[in-house]
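The values are calculated or read from the model by the stated rules, or taken from the named source; none is laboratory data. Remember, it's a predicted structure, so these values are computed and weren't measured experimentally. All Cβ positions, even for glycine, are placed from backbone atoms using ideal geometry, and neighbour counts span all protein chains on display. The protein model used for the area step is the full one, side chains on, heavy atoms only, and it has no ligands, DNA or RNA in it. Shrake-Rupley method; radii C 1.70, N 1.55, O 1.52, S 1.80 Å.
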Amino acid sequence: MVFVFGECTLDVDRRELRRAGIVRPLEPKAFLVLVHLLTQRHRAVSKDELLATCWPNEFVTEAALTRCLRVIRQAVADDGVRQHCIKTLRGYGYRFVAAVEERQILSPSTSTARAPDNPLSQVESPRRAATTAHDPNLRAPTPQVAPPATSPTRSWGCAAP
């Protein structure tokens, strides 16, 4: 699932937030808070719900949530004054207020090429390339080179016994 809002794109599967095409790293808890606010943008989300959802079975204070919201706002170029993405509902919680477009990612069965789960897997080492079995239909066949024809009377630099 990909969410597009303002100049930001949040790719949930890749766990990646981009603003103006540049990756904006988010720590795991801030990422969870942002995803929860986006998926629940049709309603206000209480602080208690965010704490229970993003920090299950952990004792944390509202300060942890406040810090995550500060990190998120900085990443999406929002601030506590304008609040064009996340609106603070004093004494209750938060609501995602920016216009959002959801995009579905094509499943591997419907697409011809599938992006790897790990971006690092796009970089293939020579060792891995030599040891990995590849589908012959994905690459052009390697031309077979015949060994040079040798004449029985010709020596190739080897001394005769």
* **Pick from the stretch 62-83, criterion small (G, A, S) and surrounded by fewer than 14 Cβ atoms within 10 Å (Cβ to Cβ), ranking: farthest from L37 (Cα to Cα)** => A63
* Residue that is of a type outside the set (S, T, Y), under 17 Å from E16 (Cβ atoms) and in contact with a Leu (Cβ under 8 Å, 6 or more places away or on another chain), where the choices are L51, L34 -> L34
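Scan E62, E49 and give me the residue that is acidic (D, E) and at pLDDT 95 or above. Show your work before the answer.
Numbers: E62 fails: at pLDDT 95 or above.
So the residue among E62, E49 that is acidic (D, E) and at pLDDT 95 or above is E49.
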* Asked: Has the stretch 82-93 got at least one residue that is of a type in the set (F, W, Y) and part of a helix (DSSP H, G or I)?
  -> no
* Limited to the stretch 3-17, what total is found for residues that are part of a strand (DSSP E or B) and either open to solvent by less than 20 Å² (accessible area, probe 1.4 Å) or within 11 Å of V35 (Cβ to Cβ) (or both)? -> 6
* To do: Give the stretch 18-62 a look and list any residue that's in a loop (DSSP other than H, G, I, E, B) and over 19 Å from G6 (Cα atoms), or say none.
  => E27, R43, A44, W55, P56, N57, E58, F59, V60, T61
* Residues located in the stretch 34-47, provided they are farther than 11 Å from Y94 by Cα and exposed (fewer than 13 other Cβ atoms within 10 Å of the Cβ) -> H42
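What about L106, is it part of a loop (DSSP other than H, G, I, E, B) and modelled with pLDDT under 95? Before you say what the answer is, go through the steps one by one.
Working: part of a loop (DSSP other than H, G, I, E, B): yes; modelled with pLDDT under 95: yes.
Answer is yes for this residue.
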